[in-house]
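Worksheet: one structure, shown below.
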Amino acid sequence: MSPIILEEISGTRRRLRFRDGARAFPVDRTDGQLLVVHDAELDIHAYGGTCADVLTDLIEQIEMMWLEYAEADEAQLTAGAASLGRLLRERLAVQGDDA
């Protein structure tokens, strides 16, 4: 199965882009025949019955993680959550930002 390749994420509240140009998310099937994307580095597990469903879940999860961790005050986060927020800021940027 072909991977999902994203250069940017157009969520409902943010438009994000990958700093390195694109990221491939391998798609597998579960035993129950759901499609699944697992990205260990970003700690993402997206599921769906179709590729479109998986893509929607993946985009929603990345946007939620950005809002909850990357934009949060690190002092209010656990060490693991703050680390994830830093990783997200290293890998992604808000579209239109020069950073």
Within segment 45-55, can one find any residue that is of a type in the set (Asp, Glu), out of contact with any Leu (no Cβ under 6 Å at 6 or more places or on another chain), assigned to a helix (DSSP H, G or I) and at pLDDT 90 or above? yes
Going through segment 1-19 in order, the residues found to be outside any strand (DSSP E or B) and charged (D, E, K, R) are Glu7, Arg13, Arg14, Arg19
Can you confirm whether segment 11-26 contains a residue that is open to solvent by 70 Å² or more (accessible area, probe 1.4 Å), aliphatic (A, V, I, L, M) and within 11 Å of the chain's Cα centre (by Cα)? no
Qualifying position, being surrounded by fewer than 14 Cβ atoms within 10 Å (Cβ to Cβ) and assigned to a helix (DSSP H, G or I), among Gly80, Gly32: Gly80
In segment 60-77, residues that are without any contact (Cβ under 8 Å) to a residue 40 or more places away in the chain, assigned to a helix (DSSP H, G or I) and surrounded by 15 or more Cβ atoms within 10 Å (Cβ to Cβ) total 4
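The values are calculated or read from the model by the stated rules, or taken from the named source; none is laboratory data. It should be emphasised that the depicted structure is a prediction, and the values quoted were computed from it without experimental measurement. Cβ atoms come from the backbone with ideal geometry, glycine included; neighbour counts cover every protein chain shown. Please note that ligands, DNA and RNA were not included when accessible areas were found on the heavy atoms of the full protein model with its side chains. Shrake-Rupley method; radii C 1.70, N 1.55, O 1.52, S 1.80 Å.
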